Amino acid sequence: MKRVFLDLSRCTGCRSCEIACAVQHSKSQNLFEAIFETPPPRKRTYVEAIEGIPYPARCMHCAEAPCVEICPVGAMYREDQFETVRVNKDRCMGCLMCAMVCPNGVIGFDPDRKVAIKCGLCRSRLKEGMVPACVESCPTEALRFGEFEELERQRRLQSARVVIAALRTAEQASLPIYKENTGGE
Amino acid sequence: MLQRRYDNITQSLFDRAQTLGIETGLDRLERQEPQCAFGQLGSCCRMCYMGPCRIDPFGNGSQRGVCGATVDTIVCRNLLREEVGGAASHAGHARHVMLTFKKMLEGRAPGYKITDREKLMEVARGLGIETEGRSDEEIALEVADKALEDFTRQDDGILNWMRLRAPEKAIKKWEKLGILVSNAHNEIEEAMHRTSMGNDADPVNLLLGALRIGLVDGYAGLHIATDFQDIMFGTPRVRKIEASPGVLEPNMVNIAMHGHNPLLSEKILERAGRLSDEARAQGAEGINVVGVCCTGNELTMRHNVPMAAHNLQSELLLLTGAVDAMVVDVQCIWPGSQRIAECFHTKVITTEPFVKIPGATHIAFEPEEADQKAELIVKEAIEAFTRRKGRDVFIPEGKTTALVGFSVEAIIDVLKKINPEDPLMPVIDNIKSGNIFGAVGFAGCPSIKLRHTGMTEKMVREMLKNNILVVTTGCTAHICAQAGFMNTDATEKYCGEGLKAVLSALGDAAGLGAPLPPVWHMGSCVDNSRIASLLGALADRLGVDVSDLPVAGSAPELVQEKAISIGTWLLALGLLVHIAPHPRIMGSPVAVKVLTEGLRDLTGGRAYVELDPQKASEGIIEHIRERRKALGI
Ligand code: SF4
């Protein structure tokens, strides 16, 4: 299962992901043409800020998604290949029940088609072996895309590195380190 | 893995960088991509500390800056500041040359002299200076003071150099628009002032301001620079040279001159000639001065110095390991060059006190001590060579030949052989008959973002095929020389029948025994002045405005702010100006509308943005066709 991972400490709030997302959802998929399209393309990712700290919010593609559960017409559904949550725009009637139950607040509304819109994890890009547009556009790699397990492992290794470095320092400084009595003494 | 592939020679240097594990601009570009959308659209404002503010181009997010500025205000302010960057560079260049000229006359810059007396007299007469019964020095001093006035006057009179060089009809047009300019420095100051927080918020007014800066660039920058450079170093004449990085010599001390101002490169060339024995004493076969970027254009047009590299190749040239010193002055010098130089024995020598690069050798080059400083610099290069001896170098094979040096004077000389009384007449006749369908000036830079598409080459070929004469300056001239567009074979190879016939006749008249090349090298980027002079003369001869001519300008791979300000000057003159990549105006509906449409009714000019070489060529040809129709030809 591949996911977009967020490293909050790296996000500068530049909004590159928002623009890349809108361009990805334009007809031309080219910035300089997209800005002249009507209706204007709409983003599915939202950079908010609390106390000056930016937070890029997107659909998390929940494993048990309340939006899927609540949708009265079955327009919200889980797609298997990339394990994402998607909207079937032909079914959607724009009641926005999904938005009301989404804890992340990342479901938008397309006033032209009168349907709910949300991140689809750039399925068309994934099919071509590319990463989602927001990830590609992120200049600080605050957004990363990969196998959930691998990304988690990277996190574990990261924290392990910190602990082990501390241990080394302590050993070198001959600090009394608690060790389990392994017997034999 | 790098995604773009370039022409063979450029690519061979990128490949070498990869093999050696040396970072180039291409690595850096691909790491920068995708680049910031707000930046590309011009819709990010950093003018004050309530910002930075960005405007959402899709209308979802914020539509105004904290101060209330709209995207139109923001984009037009940013554009005007870009123009200032360009015009300040050219005005600075021109002022530097002009002040050195003055010092020379006062006996304080003994390394320089008046080389082209005829040009001095032409300029003096044009400025209304009395030339009868006066010494050259007296006349020259008055000429210098007239130029100085364009940087100092506080009345509302117009630039002397605008009066001297701009077509009368154009001046009238600008007067009506209220954009006549009087003092380059005042204009630059005002442009910075009006664009700072809480000043001009009217996008149209700001765009008129941009036209003003275009005029500053054209007259106080380009024209003054060209005129004084011609007087001091000679007006270029047609000559045959070699081009491409392959002009480096494995067994010689190679000095690459990079930057813009011939004040430096002329002296280095001269000293190199005198110090060749010293180089031989160190085991070299002599000293090989080669030209990079625009100072390369200056040298090649006056002294046959080979054209080694355009701007994109400037840092790549160092990957050959064969450059002993890269001597630079101002503009377009990539800081990354020094990092590459450090991988070899190469010395990057900066010479301008306000242009330094960490790690590079700095030798301040003052015109007062030009000879001594030039000697010191050449000796540094020889010393570097002694450290290179015995090491492998990689010099890409393949050189092209090119005819360069098409100053207006040189062109008129050729034309006079056909019609001594009315030299422009043969050109006009051929334009009327359609043998010359039109003319396009290609100028500007090689963009690392577009170079792999061969944008310039494709467009030039399309022009020639359609009997459109091409003139070129700047780094675009390097591209054309390396592509083989500037030799006599190119005429046969690329031109339509009409153009071929004209160039053959001109070649015969010039006594060349072969056709003239189809792409005319008219100089460095300041020498866009020469293109404007030629257009002005043609328009005057026909009794029409420059904007009526079947001509266009193109900066197909724009990089520098200077290209923006030159382009704006050409818009003010009334030309169609094609640009790629996208100028940073696309975020503003008003800027796009005014520059690509509305301006037509004001000056006759029009900006034309198109990244596809085929479509861009078609657009330009269509414009020329319209202009011909309007002229009834
Ligand atoms: S000048 Fe206005 S738009 Fe620009 S940064 Fe300041 S508040 Fe923002």
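Side notes on the structure shown:
- Residue check for residue A:133: open to solvent by less than 70 Å² (accessible area, probe 1.4 Å) and within 12 Å of chain B (Cβ to nearest Cβ): yes
- Residues in the range B:336-363 that are assigned to a loop (DSSP other than H, G, I, E, B) and not aliphatic (A, V, I, L, M): B:342, B:343, B:344, B:345, B:346, B:351, B:353, B:354, B:356, B:358, B:359.
- Hey, residue B:253 closer than 25 Å to residue B:397 by Cβ, modelled with pLDDT of 95 or more and either crowded, with 24+ Cβ neighbours inside 10 Å or among the aromatic types (Phe, Trp, Tyr) (or both) or not: yes
- Residue in the range A:58-73 that is open to solvent by less than 40 Å² (accessible area, probe 1.4 Å) and either over 21 Å from residue A:87 (Cβ atoms) or within 14 Å of chain B (Cβ to nearest Cβ) (or both) present: no
- Of the helices (runs of 4 or more DSSP H) lying entirely inside the range B:184-270, those carrying at least 1 residues that are within 16 Å of the ligand (Cβ to nearest atom) are B:184-195, B:203-215.
- Hits in the range B:558-584 - residues which are touching a strand residue (DSSP E or B) at 6+ places or on another chain (Cβ under 8 Å) and within 14 Å of chain A (Cβ to nearest Cβ): B:579, B:580, B:582, B:583
- Test: residue in the range B:336-350 that is open to solvent by 10 Å² or more (accessible area, probe 1.4 Å) and under 28 Å from residue B:234 (Cβ atoms): no
- For the range B:8-39, the set of residues classified as aromatic (Phe, Trp, Tyr) and within 26 Å of the chain's Cα centre (by Cα) consists of B:14 only.
- Tally, over the range B:39-58, of residues that are open to solvent by 10 Å² or more (accessible area, probe 1.4 Å) and within 12 Å of the ligand (Cβ to nearest atom): 11
- Scanning the range A:110-124 for residues that are surrounded by fewer than 16 Cβ atoms within 10 Å (Cβ to Cβ) and not in a loop (DSSP other than H, G, I, E, B) returns A:123, A:124.
- Filter result for residue B:162 (within 16 Å of the ligand (Cβ to nearest atom) and either within 14 Å of chain A (Cβ to nearest Cβ) or in contact (Cβ under 8 Å) with a residue 40 or more places away in the chain (or both)): no
- Residue within the range B:103-123 that is within 16 Å of the ligand (Cβ to nearest atom) and within 23 Å of the chain's Cα centre (by Cα) present: no
- Per-region count, the range B:271-286, residues among the aliphatic types (A, V, I, L, M) and assigned to a helix (DSSP H, G or I): 3
- Subset of the range A:1-44 (residues that are more than 11 Å from chain B (Cβ to nearest Cβ), part of a loop (DSSP other than H, G, I, E, B) and open to solvent by less than 70 Å² (accessible area, probe 1.4 Å)): A:7, A:11, A:28
Yes/no matrix, rows are residues, columns are (1) out of contact with any helix residue (DSSP H, G or I) (no Cβ under 6 Å at 6 or more places or on another chain); (2) modelled with pLDDT under 95:
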site	(1), (2)
A:131	yes, no
A:137	no, yes
A:147	yes, yes
A:154	yes, yes
A:165	yes, yes
A:170	yes, yes
A:173	yes, yes
A:178	yes, yes
A:185	yes, yes
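- Long-range neighbours under 8 Å by Cβ, at least six apart or interchain, first residue more than 12 Å from every other protein chain (Cβ to nearest Cβ) and more than 6 Å from the ligand (Cβ to nearest atom) within the range B:60-71, second open to solvent by 70 Å² or more (accessible area, probe 1.4 Å) and part of a loop (DSSP other than H, G, I, E, B): B:70/B:63
- Filtering the range B:569-582 to residues that are closer than 20 Å to residue B:611 by Cβ and either modelled with pLDDT under 95 or buried (at least 24 other Cβ atoms within 10 Å of the Cβ) (or both) leaves B:570, B:571, B:575, B:576, B:577, B:578, B:579, B:580.
- Scanning the range B:289-308 for residues that are closer than 17 Å to residue B:9 by Cα, under 14 Å from the mean Cα position of the chain (by Cα) and in contact (Cβ under 8 Å) with a residue 60 or more places away in the chain yields a count of 1.
- Residue match in the range B:602-615 (condition: under 26 Å from residue B:92 (Cα atoms), within 14 Å of another protein chain (Cβ to nearest Cβ) and open to solvent by 30 Å² or more (accessible area, probe 1.4 Å)): no
- A single member of B:356, B:373 is open to solvent by 70 Å² or more (accessible area, probe 1.4 Å) and within 25 Å of residue B:260 (Cβ to Cβ), and it is B:356.
- One residue stands out among those in the range A:138-155 that are more than 13 Å from the chain's Cα centre (by Cα) and within 14 Å of chain B (Cβ to nearest Cβ): the one that is most open to solvent (accessible area, probe 1.4 Å), which is A:139.
- Unmet criterion (only one of (1) buried (at least 24 other Cβ atoms within 10 Å of the Cβ); (2) under 28 Å from residue B:547 (Cβ atoms)) for residue B:478: (2)
The values are calculated or read from the model by the stated rules, or taken from the named source; none is laboratory data. This one's a predicted model, so the numbers in the text were calculated from it and none came from an experiment. Methodologically, a virtual Cβ is constructed for each residue, glycine included, from the backbone with ideal geometry; neighbour enumeration extends over all protein chains shown. Keep in mind that these areas ignore ligands, DNA and RNA; they rest on the heavy atoms of the full protein, side chains included. Shrake-Rupley method; radii C 1.70, N 1.55, O 1.52, S 1.80 Å.
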